[in-house]
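Taking it in order: structure first as C-alpha cells, then the write-up.
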Amino acid sequence: MTFAKHIATATALTLCSLSAAGTASAQSGLTITPIAENLEAPWGVAPFPDGGLLVTEKAGRLIYQKDGARHEVTGLPQVAVVGQGGLLDITLAGDFAQSRLLFLTYAKPQESGGAGTALASAKLSKDTRSLENLTELFAMKPGSSGGQHFGSRVVEAPDGTLLVTIGERGDRPAAQDRSTHNGSIIRVNRDGSVPDDNPFIDIPDVLPEIWSYGHRNPQGAGLDLEGRLWVSEHGAKGGDEVNRITKGANYGWPVISYGEHYSGEKIGEGTAKEGMAQPEFYWDPSIAPAGLMVYSGALFPEWEGDIFVGSLKFDYIARLSGTPLEEVAQIKTDETARVRDVVEGPEGGIWFISEVNGTVYRITP
C-alpha cells in the first residue's frame, strides 16, 4: 500500500457550485436532480434499472418510489433505533432482476439490552410492497449497550460473498480483539455460512467471519473496477481514512492513527507500526466520511476509476484519483448537505443522499 497523503478541506479544489436543484451549471456541465424528497434521516439507497428506488430511513422504514409515487415496504426485521443505529444500508443482489433478492444491514436488539450490527436477506415482492423470506444472515458478537459506531455498509463481492463493515461500537481496544466482531469487516456467503477461504477460519478464539480488523467506524464501502473492496472510515479528531481492504489485514485502530483524541491526547503509538496497514488516503481535519463509490465512467468517462466519498461534516462529495490517491475535487452545492450515501445508478448517474435535505439526488451530465 502507498503511504497516505492528507489534504486540508479548506484548500481543496471545488468542482462546481449549482444554484438550484435540477439545473445545470455551464462551467461544470453537471445536472443535480432531486429524485425522492421529504425523507426522514435517509441512510442507504438502491436505484433500480427501471427508474425506481428503495431507500432506508434510520428510524426503521423502507421506502419504495417510482415515477413520483411511493409507499412503505413491510416485512422488515426488528430494528433497534439507538444513537447511530437503526435501519441502515441496502444493496440489491447482482442477480436481482431474476431473484428479487436484496440485503439489509441494521442495528439488531439483543437479549442483553444492547444492540449490534446485523445483516439480513429478503425478496422484494412483485408488487414491491413487502419483503418475503426475510432471513438473518449474520449478527455481530457481542454487541453493546452504546449507540456509537455500527458501521454499516453491505457490498456483494464478484464471487457472490457479502462484505459488511462494522464499527468498534465505541470500544476502542475491541477493534484489535478478534474474539469479537467490533471494528471489523466480515465476509459471509449468501446463506450466512462462512466461506472456506476466510483468513481466520481455523484459528482458535478468532471469529471466523472476520475478513479484516482494526477499523474504527467504516461507513462507506464500494468495489473498484477490479472487484477490490475500498472503505471510508471515521477517524477521531483528524485521521479519517480511505482504505483498500485486503484479506486478513489489520488496519491499526486504535494502535495507529493520523488523528488524535477529541481531548487532544495522542492516539496509540503513532502513525505507523509493522504489521498494520497504512491508509491509501487520510483527511486532516476530519470530514466525517460516509458513503463511498468507485465510478465506472459510464456517463463521465474522464472519472473512470475515481473514488467518490460523501462528507457529513463539510457538506460535499469528494473526488479522489491518482497514485498515490489524492482528493482532486469537490462537488459542493446546496444539495450536498450532509451526504450520507453515494452510489452509481444502473444508468451511470451518481446518486447520493443528503441527510439534511431528506432527499435522494442524481448527478448526470
> How much area per residue is accessible in the stretch 141-245 when the probe is 1.4 Å and only protein heavy atoms are counted (Å²)?
Replying inline: 34 Å²
>> Using the Kirkwood radius over C-alpha pairs as Rh, can you work out the diffusion coefficient of the stretch 170-283 via Stokes-Einstein at 20 °C, viscosity 1.002 mPa s, in µm² per second?
In response: 148 µm²/s
> Of the chain, which part is the longest with no GluC sites (Glu not before Pro) in a loop (DSSP not H, G, I, E, B) and with at most 10 other C-beta atoms within 10 angstrom?
Replying inline: 112-225
>> Multiplying the sequence separation of SER99 and ARG129 by 0.36 nm and subtracting their Cα-Cα distance, what value in nm do you get?
In response: 9.2 nm
>> If you roll a 1.4 angstrom probe over the protein chains with everything in place, what fraction of the accessible area of the stretch 251-365 belongs to carbon and sulfur, to the nearest %?
In response: 47 percent
>> Given an 8 Å cut-off on Cα distances and at least 6 residues of separation, report the relative contact order of the stretch 214-365 as a percent.
In response: 17 percent
> Which whole-Hz ³J(HN,Hα) couplings does the stretch 310-318 yield from phi under the Karplus relation 6.51 cos²θ - 1.76 cosθ + 1.60, θ = phi - 60°, glycine and proline marked x?
Replying inline: x, 10, 7, 7, 10, 6, 7, 10, 7
> Once every DSSP H run of n ≥ 4 in the chain is given -39500 (n - 2.57) and the sum is divided by its residues, what mean residue ellipticity at 222 nm do you get, rounded to the nearest 500 deg cm²/dmol?
Replying inline: 0 deg cm²/dmol
> Tell me which lysines have Cα within less than 27 Å of LYS58's Cα, excluding those fewer than 8 residues away on the same chain?
Replying inline: LYS66, LYS108, LYS123, LYS126, LYS141, LYS237, LYS313, LYS332
> Per 10 Å bin, what is the whole-percent P(r) computed from every C-alpha pair distance within the stretch 222-365?
Replying inline: 12, 40, 33, 13, 2
> Mean separation of Cα pairs under 8 Å and 6+ residues apart, divided by the residue count of the stretch 176-248: what relative contact order is that in percent?
Replying inline: 26 percent
> Over the chain, what relative contact order in percent results from Cα pairs under 8 Å that are six or more residues apart?
Replying inline: 17 percent
> Restricting the count to DSSP beta bridges whose residues both fall in the stretch 166-313, what percent are antiparallel, rounded to a multiple of 5?
Replying inline: 90 percent
>> Using the crude model of +1 on Lys and Arg Cβ and -1 on Asp and Glu Cβ, and no other charge, please compute the dipole size for the stretch 126-257 relative to its Cα centre, in debye to 20.
In response: 400 debye
> What size of dipole, in debye to the nearest 20, comes out for the chain about its Cα centre when the only charges are +1 on Lys and Arg C-beta atoms and -1 on Asp and Glu C-beta atoms?
Replying inline: 520 debye
>> How big is the dipole moment of the stretch 284-333 about its Cα centre under a simple scheme where the beta carbon of each Lys and Arg is +1, that of each Asp and Glu is -1, and everything else is neutral? Debye, nearest 20, please.
In response: 180 debye
> Given the C-alpha centroids of the stretch 278-352 and the stretch 87-133, what is the distance between them in whole angstrom?
Replying inline: 25 Å
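The values are calculated or read from the model by the stated rules, or taken from the named source; none is laboratory data. Quantities reported herein were computed from a predicted structural model and do not represent experimental measurements. Cβ coordinates were reconstructed from backbone atoms using ideal geometry, including for glycine residues, and neighbour counts include every protein chain displayed. Surface accessibility is based on the protein's heavy atoms, side chains included, excluding ligands, DNA and RNA. Shrake-Rupley method; radii C 1.70, N 1.55, O 1.52, S 1.80 Å.
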